[in-house]
Amino acid sequence: MISILIPVFDYDVASLVTGLHQAVKDLPEYDEIIIGADGCSDDYLGMYEALSKLDKVSLLVSSNNVGRASIRNMLADKAGGDYLLFIDADALIQGNPKDYLARWLDHYTAAPVVCGGTDYHKTPPDNPDRYLRWHFGYYKEKKSLKKRRRRPYATFSGFNFLIEKSILNKFRFNEELKKYGHEDTLFAYQLKKAGISLEHIDNKLIHDGLESNREYIMKTKDGISNLSILYDKVTDKRTFASVVGMIRYFNYFRILGITRLLARVYTKKRRRIEIMLRSPKCSLRIFSIYKMALFCYYRHSKES
């Protein structure tokens, strides 16, 4: 049996849950839908409680905001299925939800972990304040099935994936990471190091929830901070670098002796670059330089 798990923090999941609820009526392999409310406000909790009155839908509530890793682990513990389908709250199903769920049934035994993929709307958002998140997602995160299969662990995402519960019982999401970013990276590293097979299929969901430019820059900072913390914690840095492109580039730039220069770029140009990033005309190359400079800043701050 398959449990559908939806971690959420103050986001409207009514359309997602009701669509899935209608679909599972005709798919007996799906046993339940669990909404995981992570420190949500009363207004949103009321919505989730109303949804939990639907057949096969239940609600797990954490009164405190424990973070993306912890709420996923809590949902896995509560789930009764042998297989767990994780869907992020801001996912939008393309077409019929029944077709989306049926496609998993053709592939869920292909590997212990199977990723469906992430998609973005073809046109940029009307609000220019949401452009950076869409721009990066559409041109960098959205990858063809061929590219994802070429580097399966490096392209793993917790946005839309199915996993054997027995695997998640052994390899948990790291709950030390409270802020946004790279809990998926560490999980993929653990899977690769342990030799757990990971497959990709074409069953994408649209990432519909776009943060404002300022919010996304702040989340990017949190993610790079987490990555620097993880870099110190992992024991097999070669395998970690094979999963994380930024680490590979950092190692290359360190050989060239320019990481300290990049750290100074962040220190001196941070405000100016962040203003540029909030412009719809900003290039992703500048965003990449900004992130690498920030990572170098964290590494040299730690060493000094």
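Key figures for this structure:
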{"quantity": "Rounded to 10°, Cα long-axis angle of helix 183-194 versus longest principal axis of the chain", "calculated": "80"}
{"quantity": "Full-stretch length increase - Lys269, Ile289 - with 0.36 nm per residue and alpha-carbon distance subtracted", "calculated": "6.1 nm"}
{"quantity": "Residues in the stretch 90-110 that a label on Asp12 would reach, taking backbone N under 18 Å of a point 7 Å out along Cα→Cβ", "calculated": "90-94"}
{"quantity": "Helix-only [θ]222 nm of the chain, DSSP H runs n ≥ 4, -39500 (n - 2.57) each, per residue, nearest 500", "calculated": "-15000 deg cm²/dmol"}
{"quantity": "Too-long pairs where the Cα-Cα distance tops 25 Å, listed order kept, from Lys56/Lys78; Lys140/Lys204; Lys142/Lys165; Lys237/Lys268", "calculated": "Lys142/Lys165; Lys237/Lys268"}
{"quantity": "Antiparallel %, DSSP beta bridges [both residues in the chain], to 5", "calculated": "30"}
{"quantity": "Gyration tensor verdict on the stretch 79-230 (Cα atoms; rounded if a/c is under 1.5, prolate if a/b is larger than b/c, oblate otherwise)", "calculated": "oblate"}
{"quantity": "Whether the stretch 54-127 is rounded, prolate or oblate, judged on the alpha carbon gyration tensor where a/c under 1.5 counts as rounded", "calculated": "oblate"}
{"quantity": "Residues of the stretch 133-173 with amide N under 20 Å of a point placed 7 Å along Cα→Cβ from Thr123", "calculated": "133-139"}
{"quantity": "Simple label model, 7 Å out from Cα along Cβ direction - Thr109 to Asn169, nm", "calculated": "1.9"}
{"quantity": "Point-charge dipole on Cβ atoms (K/R +1, D/E -1) for the chain, about Cα centre, debye to 20", "calculated": "2480"}
{"quantity": "For the stretch 148-304, with +1 on Lys and Arg beta carbons and -1 on Asp and Glu, the positive-most of Gly257, Ala293, Ser157 along the dipole", "calculated": "Gly257"}
{"quantity": "Extension gain from Gln22 to Val61, taking 0.36 nm per residue of separation minus the Cα-Cα distance", "calculated": "11.7 nm"}
{"quantity": "Reciprocal of mean inverse Cα separation for the stretch 209-304 (Kirkwood radius, Å)", "calculated": "14.0"}
{"quantity": "Rounded if a/c under 1.5, otherwise prolate or oblate - the chain, Cα gyration tensor axes", "calculated": "prolate"}
{"quantity": "Full-stretch length increase - Leu54, Asp77 - with 0.36 nm per residue and alpha-carbon distance subtracted", "calculated": "6.2 nm"}
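Laboratory data are not the source of any read-out in this text; all were calculated from the coordinates shown. Predicted model only: the values in this text are computed from it and were never measured. Glycine also receives a Cβ, built like all others from the backbone with ideal geometry; neighbour counts cover every protein chain displayed.
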